[in-house]
Structures are given as structure tokens and as C-alpha cells.
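The values are calculated or read from the model by the stated rules, or taken from the named source; none is laboratory data. Remember, it's a predicted structure, so these values are computed and weren't measured experimentally. Ideal geometry is used to build each Cβ from the backbone, glycine not excepted, and the neighbour counts take in all protein chains shown. The accessibility values were calculated without ligands, DNA or RNA, using every heavy atom of the protein model including side chains. Shrake-Rupley method; radii C 1.70, N 1.55, O 1.52, S 1.80 Å.
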Amino acid sequence: MKAPFPKSCLCIAALSLALMTQLAPVAQAQTVAGNLPNVMILATGGTIAGTGASSTTTVGYTAAKVGVERLIEAVPELKSVANVRGEQVFQVASENMSNDLWLQLGKRVNQLLARPDVDGIVITHGTDTLEETAYFLDLVVKSSKPVVLVGAMRPSTAISADGPINLYNATLLAGSKEAIGKGVLVAMNDQINAGRDVTKTNTSTVDTFRSPDFGLLGQIQDSHPHFYRLPVRKHTASSEFDISGLETLPKVDIVYGYANASRLPVDAFVSAGDAGIINAGVGDGSIHKDVLPGLVDARKKGVVIVRSARVGSGMVARNGEANDDALDFISADTLNPQKARVLLMLALTKTHDSKEIQRIFSTY
Ligand code: SIN
């Protein structure tokens with residue numbers, strides 16, 4: 001029979017177990033006192049659940065292979081910071097994330113957080129679209145209990161896999177009083193970032209998650225979260241968005257700006273029935289002269305147009321590089337295109353009024 005973990009993992013598990021024996025008195029005392037928080041770990045796939053051909057395989061591995069129970073078993077230290085229970089919500093590589101999976105996940109998170117025996121939630125997730133899921137949940141979770149997203153850049157079979165420490169940090173953060181009311185958080189690489197602001201900045205390094213304009217909220221050191229900043233944009237319990245009755249989300253797509261661009265993608269999305277288009281413009285959200293007429297025509301047909309920027313940081317100035325008032329376009333504020341898509345979909349579940357949608361972009 002095949003061993004459930006490769007040899008390197010078993011060694012790490014044995015080492016962890018030895019360390020646990022030393023930590024056990026503290027952990028047991030906490031458990032007996034019953035004062036450990038109850039944290040649910042919802043697994044959705046990604047590299048954190050990925051397996052490679054060998055311990056040195058850090059690219060070209062298969063994401064979304066290991067189930068939640070094995071993820072939890074691999075980090076026995078979790079038991080010293082929380083009473084953890086796991087649930088496999090789905091198992092995907094996050095490049096395949098979809099609106100339907102977001103609705104499923106968001107509804108499950110809200111169901112669980114409404115229960116008195118759940119103090120916080122950790123969501124294990126692929127890193128590729130983790131920032132989008134984090135922002136979606138930041139907008140639709142109806143609770144101030146902690147929700148922490150976590151992933152890994154190295155598969156579970158790699159030397160120095162970052163999944164175990166990230167999962168440990170995420171779990172202690174989700175069970176901490178410090179994380180209450182701070183919106184959906186992302187805990188990776190010992191850092192705490194806001195779900196709204198964080199973005200993946202590097203294809204492969206473990207320090208990939210950054211909040212370019214605003215910086216991290218805090219750090220996790222020596223098993224303690226240390227916060228230095230608060231998110232001030234509306235989120236979670238104070239958000240106006242409600243997905244409880246939704247089966248689908250309005251169709252919104254992204255048009256990328258580049259030299260020699262054409263209106264072809266805009267026309268295709270309009271023909272496909274999009275309710276909204278995010279223009280990932282160049283610079284301060286500038287639109288190519290050959291794309292602009294497509295967007296103008298789309299707007300005349302009722303499609304909502306949001307100007308974002310492909311540059312990775314900064315605020316798109318309203319009425320700056322385009323006359324938004326005259327064109328009836330919306331500025332994405334500081335949201336990158338993929339996050340602007342999330343907010344526009346949710347905004348369109350409430351209104352099609354462009355002034356109201358601009359208010360929403362200035363609020364969340
Ligand atoms: C994924 O996003 O599912 C694969 C990549 C990763 O998790 O780092």
C-alpha cells in the first residue's frame with residue numbers, strides 16, 4: 001500500500017510530533033480549560049493541497065490533490081491554538097474559480113459563522129485567484145468573526161513547504177480576538193493583509209502577497225498576531241451586499257489595455273450579454289482611441305463601464321484620462337481590474353444607476 005505522505009513529509013510529521021510532545025502540557029491545559037477557539041478549516045484546493053513528483057518539485061506540480069483531513073493531520077500544532085474541524089467545500093486549482101463556486105463558498109461561510117460554536121474560519125485556497133475570493137467574501141460575509149484565507153506557494157511535498165506554517169498562522173489568527181471586525185484577511189508568509197487590498201505580485205516566490213498602495217495590516221510572530229493598521233473601507237458586517245437569495249451573479253468581464261488594442265473584445269462581450277465591462281486601462285486608466293468607441297456603444301446599450309488600470313497600484317482619477325461624467329463611466333478607485341470585476345458584479349445585484357455604482361466604488 002502507498003504511504004499517505006512521501007517520506008519527507010513523514011519525517012516532518014515525526015519531528016512535529018516530537019515538538020508537540022514538548023508543547024503538549026500547554027495545549028492540553030488549554031483544551032481541558034475549554035478556552036481554545038473553535039475554528040473551521042474550509043478547504044477549496046490550490047497548491048497548499050498540491051503534490052509534486054519529488055521533494056524538490058516546486059513548479060509543474062499538481063494543485064488540489066490533498067484533502068482537508070490530511071492538511072490538518074500534517075500540522076498537529078493546530079491543536080495547540082484552536083479546536084479545529086475541517087470541511088472540503090470543493091477541490092479546485094484556483095485558476096478554475098467561478099462565480100458559482102464563490103456563491104457556494106460565501107453561503108457556507110455565512111451559515112457557519114451564524115453558529116455559536118464557530119469562532120472563526122480559515123479557507124485554504126489556491127494563490128492564483130485568492131485575492132479575488134478574499135475580496136468577494138469581504139463584501140458578502142455577514143459577520144465580524146474572523147475569516148482568514150491562506151494558501152501556499154510550494155506544494156505540500158516540497159522541502160520547506162510554506163503550507164504548514166501558513167495554515168498554523170491562519171488558524172491562530174482566525175481564532176484570535178485581534179482579528180475580529182477587521183474584514184476578511186489573508187495570512188501568508190507571516191504577514192496579515194486586508195482582503196480588499198492584497199494582490200499576488202510574483203509568479204512563484206513565497207513573499208508574493210502584497211498590498212501595494214496601503215501596506216500590510218500586521219504580522220504574525222511567535223504565535224501572536226500583531227496589528228498596526230485597520231481597513232477603513234466598508235466590509236463584512238457593515239456591507240450592503242446579500243448573496244443569500246442569489247443563484248447567479250451578473251456577467252462582468254475585463255478588457256485589457258495595450259498598444260494596438262481594438263474594440264473586438266468589447267463587442268464580443270456585449271454580444272455575449274455582459275451587464276458590465278471593466279477596462280483595465282493603461283496608465284491612469286487611459287483607453288485606446290480604437291477601444292473607446294466600443295465602450296461608448298456598449299454604454300449606450302446599458303452596459304456599465306468601469307475604468308480600472310493594468311499598472312498594479314494607484315487610484316484611477318475620475319474625469320482624469322477620460323471624461324467619466326460625459327461618458328457615464330465609473331472610476332474603479334484603487335481596485336485592480338480583477339477586484340473591480342467582483343465589486344461591479346455585486347453592485348449590479350442592487351442597482352444599474354451609474355451614480356449609485358460610483359458611490360459603491362468609493363465606499364468599498
Ligand atoms: C492555484 O491557484 O490553485 C495554483 C497555484 C497556487 O495555489 O499557488
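Quick notes
- Across the range 252-363, the relative contact order, built from alpha-carbon pairs under 8 Å that are at least six residues apart, equals 25 percent.
- Excluding same-chain neighbours fewer than eight residues apart, the lysines reachable from Lys182 by a Cα-Cα span under 25 Å are Lys79, Lys107, Lys142, Lys145, Lys200, Lys234, Lys339, Lys350.
- Potential lengthening of the chain between Gln221 and Ala272 amounts to 13.5 nm, from the contour at 0.36 nm per residue minus the alpha-carbon distance.
- Note that the chain presents 44 Å² accessible area per residue, ligands and nucleic acids not counted, probe 1.4 Å.
- Helix 99-113 and the long axis of the chain differ in direction by around 50°, with both axes built from C-alpha atoms.
- Karplus-derived 3J(HN,Hα), 6.51/-1.76/1.60, for each residue of the range 140-154, Hz, glycine and proline x: 10, 6, 9, 7, 9, 5, x, 10, 10, 9, 8, x, 8, 9, 10
- Whether the range 252-363 is rounded, prolate or oblate, judged on the alpha carbon gyration tensor where a/c under 1.5 counts as rounded: rounded
- Rh by Kirkwood over Cα pairs, then Stokes-Einstein D for the chain at 1.002 mPa s and 20 °C, µm²/s: 101
- For the range 36-238, the alpha carbon convex hull comes to 100 Å³ per residue, rounded to a whole number.
- Calculated FRET value between Lys300 and Ser144, using beta carbons and R₀ = 25 Å, to 0.05: 0.05
- The range 112-175 and the range 316-364 have Cα centres spaced 28 Å apart.
- Solvent-accessible area, 1.4 Å probe, carbon plus sulfur percent, for the chain: 54
- Among beta bridges that DSSP assigns inside the range 36-238, antiparallel share in %, nearest 5: 40
- Positive dipole terminus of the chain, leading residue within Leu216, Ile192, Met40 (C-beta point charges): Met40
- Angle in degrees between helix 163-174 and the longest Cα principal axis of the chain, rounded to the nearest 10: 80
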